[in-house]
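To start, the structure itself, in structure tokens.
The values are calculated or read from the model by the stated rules, or taken from the named source; none is laboratory data. On a predicted model such as this, the values are computed, not experimentally measured, just so you know. Ideal geometry is used to build each Cβ from the backbone, glycine not excepted, and the neighbour counts take in all protein chains shown. Only protein heavy atoms, including side chains, enter the accessible area calculation; ligands, DNA and RNA are left aside. Shrake-Rupley method; radii C 1.70, N 1.55, O 1.52, S 1.80 Å.
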Amino acid sequence: MGTSVLSLRIDHELLERLKEHAAKRGMSVQDYVVRTLIRDDFDERFKTAVDETEKFYGLT
């Protein structure tokens, strides 16, 4: 799997909060943001799978 670059412009307050959250976990801001995005993507895919399973079994 390759990598790509994503450049973001965020305000100073948000960056400071991200730095604090990352520091609490001993991570860089970049690693923290990537981990957060991956977790959010997983949560979304998991919810979709649960919804499809419930639809299949007629639970919804």
Expressed as a percent, the portion of alpha-carbon pairs in the chain spaced more than 16 Å apart is 61 percent
Per residue accessible area of the chain, 1.4 Å probe, in Å²: 96 Å²
Crossing angle, helix 29-56 versus the chain [Cα axis fit, 0-90 degrees, rounded to tens]: 10 degrees
Computed FRET value (nearest 0.05) for GLU54 with GLU13, which takes r as the C-beta separation and R₀ as 35 Å: 0.30
In whole percent, and with a 1.4 Å probe on the protein chains, what portion of the accessible area of the chain is carbon and sulfur? 56 percent
About the Cα centre of segment 7-60, what is the dipole size in debye to 20, counting +1 per Lys and Arg Cβ and -1 per Asp and Glu Cβ, all else neutral? 200 debye
When all protein chains stay in place, what accessible area (Å², nearest 10, 1.4 Å probe) is found for ARG17? 120 Å²
Hey, what number do you get for the chain at 222 nm if only DSSP H runs of n ≥ 4 count, each worth -39500 (n - 2.57), divided across all residues, to the nearest 500? -23500 deg cm²/dmol
